[in-house]
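S.K.: Just passing along the structure, written as structure tokens.
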Amino acid sequence: MPYSPMSVLEQLGIPVVRIHLRDTWGAWSPIHRKIVVASGLSPRQERCVLAHEAEHVLANDLGCGVGLDAVHPLALRQERRADLEAARKLISISDLAATAQWVDDLRTAAHELDVTERMMRVRLHDLNGEGWPWPVTSKIAG
């Protein structure tokens, strides 16, 4: 059964609110104990955002908006860890290996595994030992 971040959040009692967001796809609000997700995302995008934000919840992160700007070292570590853990849960090695048997491009593999291309890149960089594939100012989890 594929990983369901929504199920995890439901078990934790964390509500998900969809609203118009301009500069990000989602955010964890520890003060309000809820996740805010941009309205209008595709199911695939929302799944990846929820997986990322669920990792913030599980780690008890304070969030970038609580006294930390997006380039603060703690905020960067939290974002990097949330991306890596979400990608690991969304894309199992066995599913990736099975897909790699017949898929030869990132876009098709991401589609088959029901993740965004960005999450696919995070997982592949992780497996290659290359770390997080984005500059330190990245703000979008999808």
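S.K.: Out of the range 74-88, which residues are within 15 Å of His125 (Cα to Cα) and of a type in the set (A, V, I, L, M)?
M.R.: Across the range 74-88, the qualifying residues are Ala82, Leu84, Ala86, Ala87.
S.K.: Something else now. Just checking, does the range 3-17 include any residue being at pLDDT below 95 and surrounded by fewer than 20 Cβ atoms within 10 Å (Cβ to Cβ)?
M.R.: Within the range 3-17 (the criterion being at pLDDT below 95 and surrounded by fewer than 20 Cβ atoms within 10 Å (Cβ to Cβ)), the answer is yes, since at least one residue qualifies.
S.K.: Condition first: exposed (fewer than 12 other Cβ atoms within 10 Å of the Cβ) and hydrophobic (A, V, I, L, M, F, W, C). Now tell me which residues in the range 97-123 satisfy that.
M.R.: Ala97, Ala100, Trp102
The values are calculated or read from the model by the stated rules, or taken from the named source; none is laboratory data. Since the model is a prediction, treat every value here as computed from it, not as a measurement. So basically every Cβ, Gly included, is an ideal-geometry build from the backbone, and we count neighbours across all protein chains shown.
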